[in-house]
1. Across the stretch 182-228, which residue is most open to solvent (accessible area, probe 1.4 Å) among those that are at pLDDT below 75 and under 16 Å from residue 109 (Cα atoms)?
2. Of the residues that make up the stretch 43-55, is at least one closer than 30 Å to residue 387 by Cβ, surrounded by 16 or more Cβ atoms within 10 Å (Cβ to Cβ), within 29 Å of the chain's Cα centre (by Cα) and not aliphatic (A, V, I, L, M)?
3. Among the residues of the stretch 118-130, write down those that are touching a Ser or Thr at 6+ places or on another chain (Cβ under 8 Å), open to solvent by less than 40 Å² (accessible area, probe 1.4 Å) and more than 12 Å from residue 158 (Cβ to Cβ).
4. Give the number of residues within the stretch 59-68 that are touching a residue at least 60 places away in the same chain (Cβ under 8 Å) and open to solvent by less than 10 Å² (accessible area, probe 1.4 Å).
5. If you take the residues of the stretch 133-162 that are among the aromatic types (Phe, Trp, Tyr) and surrounded by fewer than 20 Cβ atoms within 10 Å (Cβ to Cβ), which of them is modelled with the highest pLDDT?
6. Exactly one of (1) in contact with a Leu (Cβ under 9 Å, 6 or more places away or on another chain); (2) free of Cβ contacts under 8 Å to residues at least 60 places away in the same chain; (3) not in a loop (DSSP other than H, G, I, E, B) is unmet by residue 195. Its number?
7. Would you mind listing the helices (runs of 4 or more DSSP H) fully within the stretch 574-675 where at least 2 residues are at pLDDT 80 or above?
Amino acid sequence: MQSTDTVGYRPKAGEIPTQPGVYRFRDKNRRVLYVGKAKNLRARLSNYFQPLRSLHERTRRMVTTASSVEWTVVASEFEALQLEYTWIKEFNPPFNVQFRDDKSYPYLAVTLGERIPRVMVTRNRNLKDARYFGPYTKVWAIRDTVDLMLKAFPVRSCSDGVYRRAELTGRPCLLGDIGKCAAPCVGRISPEDHRELAEDFVSFMAGNDSTYIRDLTEKMKQAASTLDYEAAARHRDAIGALEAAMGKSAVVLQENVDLDAFGIAHDELAAAVQQFIVRGGRIRGVRSWVVDKELDISLGELVETVLQNAYEGADAPPREIIVPELPEDATELEQWLMARRVEADEAGPVRRGPKSSGRVELRVAQRGDKAALAQTAEMNAKNALILYKTRRSSDFVARSKALNDIQDALGMAEAPLRMECFDVSHLSGTNIVASMVVFEDGLPRKDQYRRFSIPESTDDTESIYQVISRRLAYLRDGGDQPEDVVADQPDIEQPDSEQPDIEQRDSDGDDPRIDVDAELAEAAERRRRKFSYPPNLLIVDGGQPQVAAAQRALEESGVTGIQLAGIAKRLEEIWLPDSDFPVILPRNSDALFLVQRIRDEAHRFAITYQRARRKRDISTVLGEIPGLGPARVKELLKHFGSVAQLRQATPEQIAEVRGVGPTLAAAVHERLAAG
């Protein structure tokens, strides 16, 4: 009998085959919501029909939105991969990973499909039988490269109109007069010889650059030996132009290396991808785009969909692809990429150089230059993800919509123009600290951030209760400062801008120290005024237990008019007090993005404070040892890199530090061992 805690359209287990295949979830209007593949359809689909409470929130939303599921059996896992790819492109399911380029990149194209091939810079990827290079991040960079290349390979680069005009008048354009075009328009070179010139251009750009440099160098020497100095000078200039063009692409690997390196940075809802295109050991192009994630997928699954998107068009995969993590079906994905490589070779125009057929290998670089390149790609991806989030945050319209959506989702009377978020951080139950960050109008107010130290606590919920109680104490009795919170003031971060600017001596030459107490009191009063401003929305990092603890503190304080919510990181769901079900904000919505950002900022601020506390604590402990001053403490921490490494070190290892002898090392080891 079918469980009532699942969807009504769940098929019987015996109806689902155990062969490889592809499945589709559809809604009541027959729209395809999600396409997936499986080595074993029965095993995979059974994961979707578990009790709803055990499913990931986004998976639960997809399953409950759908009204039917269907599948197609195929002969192998490779065929399943191919069919999944085809259906994702055909149906564009909303719950599959969605890609979008963050910009239109310029490419260098050679139109080998035309009778007289042409070199051009374009953003159009649909030119028939054209060979593309790039993409490039800057138009001016590729134009400079083309300008240098035309000195060595004077291929036609003019428009069709200019070319026809030159044919009719019998006069070449300016490029033909200055030697940057072989002028096939007026018969200075035959169409066959011009095509060979264009193919040489393509071969050079494809990575065979060192071969042409060697050939031209040999021709230059031969011309010089026969006293043909004019030809030798032309070859010399061509060599200089090619070397200058090569210099515009950074050398990263050996000359015979062709590969693509992918870097991926992702969070719960989005990912940024960086693709470094290396041909002939040089970075020939860089491409980046943003990925929207609906369901919770692993990095390996994300790699698979990224590669399918990257080689969807006319781009032929290289023999080697560096990825951050291998997907489970890496072998089948390599077969698919190899098929794409062969297809691109057969569909493309004939060109010099090796064919594109051959095995495609997916690898995770472990060491050496390739690993360094992969790290660079990952670093660029992380920066791109930060930039993507920053740009969203700076959009006033998006912020306004986010605040209104949060108001509607949480049932608030007005938009949360002031939000405060709290997070607790500790180290195995010790060094417990908490942070409070403030966002007003969707933007951080760092001058109003606060951080707290918590002397004792049994768990995170008790810590949340303590810090919320201390925060709400500022709001009791019209914002008067209670005595117990005044005592906490040293444990609350004060921004540098709030410190009084006291000159060493005033204009009259009197000692200004008599005004210090007054100015400090005034600064403290300004801080209290900011801290006593009530938030519209108070957010805690956590789920139902943390929200319940914060609710208890709110009720005991007697403060009213504040909406309370918690955000659970694993599922990115919003919990309200006394609620059995979470509030689910739409995937990739500006509302969820804003809540995530304030939560992440609170976490960052708490972690920063806790690390500073740990460093200060160990410095204090070590400073109690006779003969161990601040300089030697600093040297110890620098040598071992972390407090954990220092605690694990033996007396002999500690004695290796400059300025620390065996006796002092034994004292340090004994003091740290004692806790």
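1. It comes out as 206.
2. Restricting attention to the stretch 43-55, the residues satisfying the condition of being closer than 30 Å to residue 387 by Cβ are none.
Within the stretch 43-55 (the criterion being closer than 30 Å to residue 387 by Cβ, surrounded by 16 or more Cβ atoms within 10 Å (Cβ to Cβ), within 29 Å of the chain's Cα centre (by Cα) and not aliphatic (A, V, I, L, M)), the answer is no, since none of the residues qualifies.
3. 130, the sole residue that qualifies.
4. We begin by selecting, within the stretch 59-68, every residue touching a residue at least 60 places away in the same chain (Cβ under 8 Å); these are 59, 61-62.
Still in the list and also open to solvent by less than 10 Å² (accessible area, probe 1.4 Å): 62.
The number of residues fulfilling the criteria is 1.
5. Residues of the stretch 133-162 that are among the aromatic types (Phe, Trp, Tyr), as a first pass: 133, 136, 140, 153.
Still in the list and also surrounded by fewer than 20 Cβ atoms within 10 Å (Cβ to Cβ): 133, 140.
Working: 133: 75, 140: 61.
The residue in question is 133.
6. Failed condition: (2).
7. Numbers: elements: 590-623, 630-640, 643-648, 651-655, 662-673.
In the stretch 574-675, 590-623, 651-655, 662-673 are the helices (runs of 4 or more DSSP H) which contain 2 or more residues that are at pLDDT 80 or above.
Conditions tested, residue by residue: (1) among the basic types (Lys, Arg); (2) modelled with pLDDT of 50 or more; (3) in contact with a His (Cβ under 8 Å, 6 or more places away or on another chain); (4) closer than 30 Å to residue 394 by Cβ.
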site: 432; (1), (2), (3), (4): no, yes, yes, no
site: 438; (1), (2), (3), (4): no, yes, no, yes
site: 480; (1), (2), (3), (4): no, no, no, no
site: 485; (1), (2), (3), (4): no, no, no, no
site: 490; (1), (2), (3), (4): no, no, no, no
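The values are calculated or read from the model by the stated rules, or taken from the named source; none is laboratory data. Remember, it's a predicted structure, so these values are computed and weren't measured experimentally. Reconstructed Cβ throughout: ideal geometry from the backbone, glycine too, with neighbour counts over all protein chains shown. Only protein heavy atoms, including side chains, enter the accessible area calculation; ligands, DNA and RNA are left aside. Shrake-Rupley method; radii C 1.70, N 1.55, O 1.52, S 1.80 Å.
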